[in-house]
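Each remark here refers to the structure printed beneath this line.
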Amino acid sequence: MLQKLTILAASVVLTGCATFDEIVSNMKKSGPEAVIFEDRPVQEPIDPNSFMLGNMEQGVIGEPQVVFTTDQDTFSDLARTYGLGYDELVAANPDVDPWLPGAGTPILLPTQFVLPDVEKRGVVLNIATKRLFYFPQSADGEQQKVLTYPIGIGRVGWETPLGETTVIAKAKDPSWWVPASVRKEHAELGDPLPSIVPPGPDNPLGHRVLKLNMPGYLIHGTNQPYGVGMRVSHGCVRLYPENIEFLYTLVDIGERVEIVNEPYLAGIRDGVLYFEGHAPLEDDTVLPADRLHAVLEKQLDVAGQPLNDHMREHVVALAESASGVPVNVAMYDAAEPLRRARLVHNIVVPDPDEPTIEEVREMMSEVAEEGDAS
């Protein structure tokens, strides 16, 4: 049976046929194994945003982490504290209630990332993973630095466009000139907007804006940080306020920006091949099997040979699980990232001025259904 599944999986990947979902749904995946945390030291969390590349061929940064929750933690709190988006945490912890994880629940923090398969230069936005990567220019002989942040992107019907562009303007505390299409939509929902929203707490652009050479599209902050990491906008890219304020100081006018859609990523670090799979966007016009086939065709094993059928089978299963967590392909099973994860202190600090769990849940529900203003 295993041989048959291997042959079928390889055939599906190679041909890109429409039975991809049927095949992978019937594949037997390794079940979760018990992971002992008690004997591990509890360490400080890694910097969630800044990493160094050992060389320009390195395709993976960061490391997975595990944190135990308190009875007050929500995924929204954990995401912002550890540099993640809400959807990233949900995908990595599908069996945990994001609003009531409960005290003492181990949460896998997907703070390891496979870099997009593009040139490591300027700003790179991967809308499939809802993540921004910035490669500041380094001097000759210096290591390349990588900054990465979770992003909110355009919801269905208001897709964030793909392609290469540049930053053509920057602004602090901007006014928002509301597009006519957005005003029309909000009016139909009984929530009319003015033609211009001045700076302040009601401005969905937040306090910083990078304007792209794509008419109507911006990289900006937000007055609704709980929506970062979700499909909530009218096409613009939003970041946590603290992230956009720092990025704003680094990115100059004329900076290159490349927007890609790569739900499946493979990268090498220290001779190990990692695969990271995300659920493709629901309005993606490219078949998942075709995207996966394109990624697999580029990969070689440690001997420099194309991946064998067994490794391809692992990758197909990983693509179906869509956990968003990089996995060592050669060592794959469901618990592999957990076994090497860094156990870290819970550094979530409750904010007495934040809305209650019920209020945030209601706001996120509304944003998910209707989108935010920007």
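The values are calculated or read from the model by the stated rules, or taken from the named source; none is laboratory data. Remember, it's a predicted structure, so these values are computed and weren't measured experimentally. Here the Cβ is made from the backbone with ideal geometry for all residues, glycine too, and neighbour counts use every protein chain on show. Just the protein is used for accessible areas: all its heavy atoms, side chains included, with ligands, DNA and RNA removed. Shrake-Rupley method; radii C 1.70, N 1.55, O 1.52, S 1.80 Å.
Structure above, values below:
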| item | result |
| --- | --- |
| Check on P241, open to solvent by 20 Å² or more (accessible area, probe 1.4 Å), more than 30 Å from E336 (Cβ to Cβ) and modelled with pLDDT of 90 or more | yes |
| Strands (runs of 3 or more DSSP E) fully within region 199-267 counting 3 or more residues that are out of contact with any Cys (no Cβ under 6 Å at 6 or more places or on another chain) and closer than 26 Å to P136 by Cβ | 208-212, 256-260 |
| Number of positions in region 128-142 that are over 13 Å from the mean Cα position of the chain (by Cα) and either of a type in the set (D, E) or modelled with pLDDT of 95 or more (or both) | 5 |
| Region 291-313, residues that are in contact (Cβ under 8 Å) with a residue 40 or more places away in the chain and over 17 Å from N328 (Cα atoms) | H293 |
| Restricting region 52-71 to residues that are β-branched (V, I, T) and not in a strand (DSSP E or B), the residue that is least open to solvent (accessible area, probe 1.4 Å) | T69 |
| Residue list for region 222-249, restricted to those being closer than 16 Å to V123 by Cα, in contact with a strand residue (DSSP E or B) (Cβ under 7 Å, 6 or more places away or on another chain) and not basic (K, R) | C236, V237, L239, N243, I244, E245, L247, Y248 |
| Residue, farthest from G154 (Cα to Cα), within region 286-303, restricted to residues that are of a type outside the set (G, A, S) and modelled with pLDDT under 90 | V302 |
| Residue match in region 329-337 (condition: surrounded by fewer than 19 Cβ atoms within 10 Å (Cβ to Cβ) and modelled with pLDDT of 90 or more) | no |
| Only listed residue being among the aliphatic types (A, V, I, L, M) and touching a residue at least 60 places away in the same chain (Cβ under 8 Å), chosen from A103, A91 | A91 |
| Test for L343: is it assigned to a strand (DSSP E or B), at pLDDT 90 or above and not basic (K, R) | yes |
| Members of region 54-99 found to be β-branched (V, I, T) and at positive phi, listed by number | none |
| Hits in region 304-328 - residues which are under 25 Å from R342 (Cβ atoms) and modelled with pLDDT under 90 | H314 |
